[in-house]
Amino acid sequence: MAERGSYSYGSEGPATAVAEQPQPLSADKKKPVLVTGASGLVGIHTCRELSKKGWQVRALIRDPAKAAMALGQLPVEFRVGDVRDASTLRSSLSGCGAVIHLAAIAIERKGESYRESNTAATERLISAARGETVQRVIFMSQNGADSRSPYPFLRSKGVAQDSIKTSGLNWTILRPSVIFGPEDQFVNVLGRLIKLTPKVFPLPGGGSARFQPIAVDDVARVIRMSLEKKDTVQQSYDLGGAIPLTLLQMTERILTAMGAHRKIVPVPVKVLRPLVALAQRLLPNPPVTPSLLDLLSLDNTVANNALTEHFKVVPVPFAADELQYLRRITVRNALRSLFERD
């Protein structure tokens, strides 16, 4: 078995080898920036932020129709393909000056594992970037990611993170707490579950775990600034919002934003686990999996918040006024979301 952070796949060669030629510290604005996962939450807002600031954006997407809906109004070049495919990565990176690697999965499904989608795909991207002499790599990791973590998702991101650090490329790693925004898959999931549970809302463990929710537009700004600032090279930054909040406090603010009233009932995680496991087996798109349920009991806050301390960004608050997008959720589309594939 390969050691942590040193996986290599196919004929691309070890991604952890040191680059042979020194590279410039800042990206060339005359060259395109490849954004993987461009039609996801952070990808959409990153493409908007970069385009607004005059960067040429090349978006790697899997679903052209979905991408057209999300990004069609932007001057973005589309490349259709899978981030797990080495040849797609190599052709997509051709001529690029930088890559922003956002593509990852939080929930494993048939044909999509953490190892392939989060870890191996990152290894292949590193190899392709080295082959195409890409100047800069911005990697979206996760607060708490660690290659030694007992939690599969955090471990997969940690292994990928280690590979980026030893790639020989000019990298920057961003490690945000939970991200919120119109297309998010955390706050929106809570909103949909609230719609599907009238009167009483069961909260895992009573919602005592603390998070530091950060707005997606703030994350996109940091990505763009990381690309432009030379002092971000070979640096890793933890990112969080204005203040830590318990899951209970977040849920109360979500209820206020939705204009909903529920009695919040604490439920032990061990009681919810078999129900969540059953939903994972029966539903094409379960809102929560057993592995993610475990993460809801972990603190997800940042001690040194680079958003404010390094990038000098005033955080968008996690407040009802900023969560008005949740009012679009209906019982009907909440139910439909359980049976739709991403």
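The values are calculated or read from the model by the stated rules, or taken from the named source; none is laboratory data. Everything numeric in this text was worked out from a predicted model, so none of it was measured. A quick note on method: Cβ atoms are made from the backbone with ideal geometry, for glycine too, and the neighbour counts reach across all protein chains shown. These accessible areas exclude ligands, DNA and RNA; they are computed on the full protein's heavy atoms, side chains included. Shrake-Rupley method; radii C 1.70, N 1.55, O 1.52, S 1.80 Å.
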Item to check | Single residue of region 253-270 satisfying the filter (assigned to a helix (DSSP H, G or I) and open to solvent by 70 Å² or more (accessible area, probe 1.4 Å)) that is farthest from ILE214 (Cα to Cα) | outcome: LYS270
Checklist entry - Assuming THR172 fulfils every condition listed in (1) in contact with a strand residue (DSSP E or B) (Cβ under 6 Å, 6 or more places away or on another chain); (2) in a loop (DSSP other than H, G, I, E, B) apart from one, which condition is it? => result (2)
Next on the checklist: Could you tell me how many of the residues in region 182-215 are open to solvent by 50 Å² or more (accessible area, probe 1.4 Å) and among the hydroxyl-bearing types (Ser, Thr, Tyr)?
Outcome noted: 1
Item to check | Among residues of region 160-181, those that are open to solvent by 10 Å² or more (accessible area, probe 1.4 Å) and over 14 Å from the mean Cα position of the chain (by Cα), counted | outcome: 6
Next on the checklist: I'd like the full set of residues that are touching a Gly at 6+ places or on another chain (Cβ under 9 Å) and of a type outside the set (S, T, N, Q), limited to region 275-302.
Outcome noted: LEU295, LEU296, LEU298, ASP299, VAL302
Checklist entry - If you scan region 216-252, which residues turn out to be open to solvent by less than 10 Å² (accessible area, probe 1.4 Å) and farther than 30 Å from LEU275 by Cα? => result VAL216, ASP218, VAL219, ALA220, VAL222, ILE223, SER226, LEU227, THR232, LEU239, GLY240, GLY241
Checklist outcome for this item: Subset of region 182-232, residues of a type in the set (Asp, Glu) and touching a residue at least 12 places away in the same chain (Cβ under 8 Å), comes to GLU183, ASP184, ASP217, ASP218, GLU228
Checklist entry - Does ARG273 satisfy the condition of being in a helix (DSSP H, G or I), open to solvent by 40 Å² or more (accessible area, probe 1.4 Å), within 19 Å of GLU108 (Cβ to Cβ) and touching a helix residue (DSSP H, G or I) at 6+ places or on another chain (Cβ under 6 Å)? => result yes
Next on the checklist: If a residue must be polar (S, T, N, Q), outside any helix (DSSP H, G or I) and open to solvent by 50 Å² or more (accessible area, probe 1.4 Å), how many such residues does region 291-342 contain?
Outcome noted: 3
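One line per residue, one yes/no per condition, for (1) charged (D, E, K, R); (2) open to solvent by 20 Å² or more (accessible area, probe 1.4 Å); (3) at pLDDT 60 or above:
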position: GLY5; (1), (2), (3): no, no, no
position: SER8; (1), (2), (3): no, yes, no
position: PRO14; (1), (2), (3): no, yes, no
position: VAL18; (1), (2), (3): no, yes, no
position: PRO22; (1), (2), (3): no, yes, no
position: ASP28; (1), (2), (3): yes, yes, yes
position: VAL33; (1), (2), (3): no, no, yes
position: GLU49; (1), (2), (3): yes, no, yes
Item to check | Enumerated helices (runs of 4 or more DSSP H) restricted to region 57-152, each holding at least 2 residues that are crowded, with 23+ Cβ neighbours inside 10 Å and among the aliphatic types (A, V, I, L, M) | outcome: 86-93, 121-131
Item to check | Residues of region 36-56 satisfying the condition of being of a type in the set (S, T, N, Q) and part of a helix (DSSP H, G or I) | outcome: THR46, SER51
